[in-house]
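What follows is a single structure, written as structure tokens, with notes after it.
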Amino acid sequence: MMTINLIGTGNVAWHLANHLAKIPECTLQQIAGRSPEKREKFKHLAENVVTIDALQPATVTIIAVSDNEIEKVATLVPYQDTLVVHTSGSITIEAISQNRKGVFYPLQSFSKNDTVDFTNIPICIEATTKDDLDILQKLALFLSTKVYHIDSHQRKQAHLAAVFVNNFTNHCYTIAQELCDTHQIPFELLHALVGKTAQKAIDHSPSDVQTGPAKRNDTQVINEHLDMLQQEDHKSIYQTLTASIIAHYGKEL
């Protein structure tokens, strides 16, 4: 039986806890957090909900806190000789101060109220020894069918790519919704296009399925769009992305 301690009470911790608690081969031994109110919400998921100083050794201790807290939290773990990992895409394995260290990074965007199926979420793992990597591989396979051995450099690059795929794309959705709202257009008009664009990026190389006025270098439409945009930040984003697309496909403005 693999025992798990989980440190953190945010979105990643919440989804991990809910799924780890359902694995027959694992025992979610303790969940630790600073806030009594937040810890209370996790009480039904673990044998004990505690502060970090009250943790007892487990097979794996998972630190699921914000990136800037990982190094500090690792120093507070009150034991040395068990495997301690963090869940960040952008922080190296060296942020863990324990002798046995690793990374257990589920590459997904987590919101607390979303329903998450871990089965298809890629989990990127890293450890300093083969034995510990085997432990993380086993744990990851309890959750997902997609497990990748990714080192810290590769993981940081994957995280950067994920920012483009997820965060920047979602901000473009936000701008699109603002444009729709301003002109009394239902945003659902774009839902089919959002789904189709994402599916094409999965089914093909994104570079092969690019469309639009920038790909065609249609300067008349591009200039009309720029004139229509009222906010300077929206105009700047449009210009930057348009120039990048034109440059990628070998054309000049």
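Here is how the numbers come out for the structure above:
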| item | result |
| --- | --- |
| Any hit, the range 1-21, residues being open to solvent by 70 Å² or more (accessible area, probe 1.4 Å), in contact with a Cys (Cβ under 9 Å, 6 or more places away or on another chain) and over 22 Å from Thr115 (Cβ atoms) | yes |
| Whichever residue in the range 170-223 is of a type in the set (Ser, Thr, Tyr) and in a loop (DSSP other than H, G, I, E, B) and, among such residues, is least open to solvent (accessible area, probe 1.4 Å) | Ser205 |
| Residue match in the range 149-163 (condition: closer than 27 Å to Asn18 by Cβ, part of a helix (DSSP H, G or I) and open to solvent by 80 Å² or more (accessible area, probe 1.4 Å)) | no |
| Close pairs (9 angstrom Cβ cut-off, 6 or more residues apart or separate chains): outside any helix (DSSP H, G or I) in the range 128-139, modelled with pLDDT under 95 and open to solvent by 70 Å² or more (accessible area, probe 1.4 Å) anywhere | Thr128/Asn99 |
| Some residue of the range 116-125 being among the acidic types (Asp, Glu), touching a Gly at 6+ places or on another chain (Cβ under 7 Å) and over 18 Å from Gly10 (Cβ atoms) | no |
| Filtered residue count, the range 65-85, keeping only those that are polar (S, T, N, Q) and open to solvent by 70 Å² or more (accessible area, probe 1.4 Å) | 3 |
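The values are calculated or read from the model by the stated rules, or taken from the named source; none is laboratory data. Bear in mind the structure is a predicted one, so any value in this text is a computation, not a measurement. FYI the Cβ positions are ideal-geometry reconstructions off the backbone, even for glycines, and counts take in every protein chain you see. Surface accessibility is based on the protein's heavy atoms, side chains included, excluding ligands, DNA and RNA. Shrake-Rupley method; radii C 1.70, N 1.55, O 1.52, S 1.80 Å.
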